[in-house]
Structure formats: structure tokens, C-alpha cells
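We did not get these values from a lab; they are worked out from the coordinates using the rules stated. Not measured: the values here are computed from a predicted model. For neighbour counting, all protein chains shown are included, and Cβ atoms are generated from backbone atoms with ideal geometry for every residue, glycine included.
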Amino acid sequence: MPFTHKYPFDPSYGYSLDDLRAVAPPPEPADFAAFWTARYHRALGVVPNPRLRSSSDAHPRFQVHDLEYASTDGFPIRGWLLTPRDGLPRRGFVLGHGYGGIECPPLNLPRADGAYLVPCFRGLSRSRRPPISPDPNWHVLHDLDQRDRYILGGCVDDVWTGVSALLGIFPELAGHLGYLGLSFGGGIGALALAWDERIARGHLNVPSFGHQPLRLRLPSTGSAAALQRYARTAGGVLDTLAYYDSAIAARHIRSPMQVAAAVFDPAVAPPGQFAVYNAIPGDKRLFVLEAGHFDYPGRARQEQQLLAELWAFFAPL
């Protein structure tokens, strides 16, 4: 059902659910796979040297540890590691946060027997470092003119080195790792999971960066709007963004996936979200959200339903 809103555009963009299920990813650059596999192997060569200490943050169900590890180019990534209060973890997860950053560990986690590595992506929240702006409107533009140095690539590296850090702490969890990514973290997750076979299952919630040509064209709020403003005066934006398209990357994902995609979303246009889901070639499940990046009456109910589905989806890990 349509929502009452104050946006100067329609956040459903006139797409029906059938229309959304038919959105295909854009064409793939010829060297897309070569670009990403080379980047992945470079990240695998990093020794993250994870360091833990007791945290002042608390969680009702988990022990919380402050975490720091090294990512590519020596970038220090900070965040948290959550471990079960009783016993050893049976499965591990890396969590990818949204573009608003993350100031404390999330409360709603699907499995009580998991260890959760929660990194702050480079330049954001606990991983802030000049000259990278922590403002999403500027962060999304950082080094956009340099394909190999664009900030999103570094954030993907932070996932891969985070997986290495988690396995360094709990080597027995090899083969039992999952990924959960929200919005920004969902798009970064698709780019990361396409190449990392160490992650056995993944969940992407309203994933960003899907179908970059549409992302530059459909009116939006947030970082997408910042990109659109920049693209009006700067040439060659798609020359870089074509390599950072989560829908193109999703074609290469081979692990089972669960995607929560919204049919109404002012910040991450739904056609881009569904392009990610539609491109996944193998075992996949879709959870249709009434809205994303928007408060609506059924939101709490849908979040609980999704959490229950994730509990079951990650049970095989």
C-alpha cells in the first residue's frame, strides 16, 4: 500500500513487485572478475593481527570486546567482537553497518551461539581517519576519480580482512561463517561475497550500490543524491562505478543468500535492491519489505519476521 510522505518524488518509482523482480543488472566490464579477484588475493595477504580488550559497551546476550585489526594499506579498523556468554561459538558472522555508521553493537542478532565481528568501515564511526570524511555525502565520493583507490574498494577489503581476523581468533569456525549487511553494508557485502568462499552464507538487507546507472538516474536522498550532484559536473563517474556495482557482483555469488528488499525506499531505490537479488544465480530467498529507510506501521512486525527467518537460514552454518 502507498505511504504518505513528504518526498518530492515517489520512492516506489512506479515499479510493481513484478516489475522489480524483472530488473536485470547492467552489463559487466570485461575485466570485472579479474579486477576483484586480484584485489581479493591482495587482501588475503594481509596479516590482520586482531587485538581485543574489554569494552565499556554492554549487550544483554553477549560478551562485548573492543576490537582493532589491520586492513589493506595498514588501515586500522576498529569495532567490536561479540561472543556468547556461555560456551564457545559454533558459528561466526561479520556484520556490515549502514552509511549512518554504527556507535554500538546491534541488539537484534539471529543466533545466540555465534561470534559476531562488527567492524566500522574505514573512515566511518570508530574507524574515522582524515582526510576521509565521515559524512556519507562526502565519503561516497572519496577517490571516486581513481578506480583502484575508490573508498568502496577499501571497505570491501575491510570485510575480507575482518574474515581473516575472525578466523585468527576462532580458527575452528572455518567453514561456519556468515555475513549480515545492512544498506551500505549490504552493497559492500555483495561485492565481498562474490569472491570470498570462506563466507558460507550471506544476508543482505536493502543493499545499496545495485545497478549504478539506475542509481545515478532515479531521484534519491542520502549518498545516492550526493553522487548524482557530483555526476552532473564531473565526467566519467560510471567508468569507476561500473566496477562497484553490487548487482553485477551478485552474478558471481555462489553461496546461499537471503535478501531483504524494499518496494518503497527513498535512499536506496528499490530497482537497485532487486537487481542485486535477481542477479544471484543460485540458492536464494527473498524477504519483501514494505519500505526501507522509512518508518512505517508494520516495521517492527516485519523486523521480527525477518529475524526469525534469519535464525533458520543460518542454522546450517
Original post:
Which whole-Hz couplings ³J(HN,Hα) result when phi for each residue of the range 91-105 is put into the Karplus expression 6.51 cos²θ - 1.76 cosθ + 1.60, θ = phi - 60°, listed in order with x for Gly and Pro?
Top reply: 8, x, 9, 10, 10, x, 8, x, 6, x, x, 8, 10, 7, x
**OP:** Quick one: go through the range 47-86 and flag any residue whose amide nitrogen is under 16 Å from the point 7 Å out along the Cα-to-Cβ line of W138.
**Re:** none
Original post:
Which part of the range 199-219 falls in the paramagnetic zone of D19, meaning amide N under 19 Å from the point 7 Å along Cα-to-beta-carbon?
Top reply: 210-219
Original post:
Hey, got the Cα dimensions of the chain along the principal axes, in Å, largest first?
Top reply: 50, 42, 36
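Evaluate E = 1/(1 + (r/R0)^6) for R254 and R42, where r is the Cβ-Cβ distance and R0 equals 22 Å; express this FRET efficiency to the nearest 0.05.
Details: r = 21 Å, r/R0 = 0.95.
Taking R0 as 22 Å, the efficiency between R254 and R42 is 0.60.
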Original post:
In whole Hz, what ³J(HN,Hα) sequence does the range 165-179 give by Karplus (6.51, -1.76, 1.60; θ = phi - 60°), x for Gly and Pro?
Top reply: 5, 5, 6, x, 7, 10, x, 5, 8, 4, x, 10, 10, x, 10
Original post:
Which residues' amide hydrogens lie under 5 Å from the amide hydrogen of S71, considering only partners 5 or more residues apart or on another chain, with H built in the peptide plane?
Top reply: I77
Original post:
Counting each DSSP H run of 4 or more residues in the chain as -39500 (n - 2.57), what helix-only mean residue ellipticity at 222 nm follows after dividing by all residues, to the nearest 500 deg cm²/dmol?
Top reply: -9500 deg cm²/dmol
**OP:** Report ³J(HN,Hα) in whole Hz for each residue of the range 30-39, in order, from the Karplus equation J = 6.51 cos²θ - 1.76 cosθ + 1.60 where θ = phi - 60°; Gly and Pro get x.
**Re:** 4, 9, 4, 5, 5, 4, 6, 5, 5, 5
**OP:** Note down the magnitude of the dipole of the chain about its Cα centre, charges +1 on Lys and Arg C-beta and -1 on Asp and Glu C-beta and zero elsewhere, to the nearest 20 debye.
**Re:** 320
